[in-house]
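Asker: One structure follows; several queries about it will come next.
What follows is calculated from the coordinates using simple rules that are stated; it is not laboratory data. Keep in mind that what you see is a predicted model, and the values were worked out from it rather than measured. We place every Cβ from the backbone using ideal geometry, glycine too, and count neighbours over all the protein chains shown.
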Amino acid sequence: MDPHVLVVADVSCSPENAVEFGQVLHEFAAACRAEPGCLSYEVFRSEEAPERYVSIERYADPAAFAAHRDSEHFRAIGLARLMPLTTSRDVRLYDAPREVPPAAP
């Protein structure tokens with residue numbers, strides 16, 4: 001079975017910080033993509049609420065995700081620059097995809 005970890009982070013900032021927040025978030029995503037265990041890191045901005053962003057991250061395994069959380073850019077960009085601008089945050093972790101049985105008729 002594929003041991004990867006999927007992270008879906010739904011974050012918001014105040015409307016007046018939306019542009020700065022997006023710039024810092026994209027800088028953070030670029031640093032994360034350079035991690036050896038990061039398989040993908042995508043950032044999406046809400047069309048209805050431009051201060052709301054969703055990132056979808058995929059790591060090779062739990063150890064790669066732990067390394068991400070322990071990285072210098074996580075501390076320097078994520079904690080020091082993004083978190084002070086963040087007004088709401090919902091981060092969910094998912095394990096490897098599983099086959100879903102068909103619905104009963």
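Asker: Going by Cα centres, the range 31-72 and the range 1-26 are how many Å apart?
Answerer: Result: 7 Å between the Cα centres.
Asker: Which parts of the range 43-75 would a label at E16 reach, counting a residue when its backbone N lies under 20 Å from a point 7 Å out along Cα-to-Cβ?
Answerer: It comes to 49-53, nothing else.
Asker: Here is a follow-up. Assuming R0 = 35 Å, what is the FRET efficiency of E99 and A9, from their Cβ-Cβ distance, to the nearest 0.05?
Answerer: Working: r = 26 Å, r/R0 = 0.74.
It comes to 0.85.
Asker: If I model a spin label as a point 7 Å beyond the Cα along the Cα-Cβ vector, how far apart are those points for R45 and T86 in nm?
Answerer: My value for the distance between the label points is 1.9 nm.
Asker: Using a 10 Å cut-off around each Cβ, can you sort D10, D95, D70 from fewest to most neighbouring Cβ atoms?
Answerer: Numbers: D10 15, D95 12, D70 9.
Placing the least packed residue first, the sequence is D70, D95, D10.
Asker: Now for a separate question. How about the range 42-105: which GluC sites (Glu not before Pro) there are in a DSSP loop, with at most 14 other Cβ atoms within 10 Å of their Cβ? Please report the intermediate quantities before stating the final value.
Answerer: Numbers: sites: E42, E47, E48, E51, E57, E72, E99; in loops: E47, E48, E51, E99.
Answer by residue number: E47, E48, E99.
Asker: For helix 18-33, report the angle its Cα long axis makes with the longest principal axis of the Cα atoms of the chain; keep it between 0 and 90° and round to the nearest 10°.
Answerer: 50 degrees
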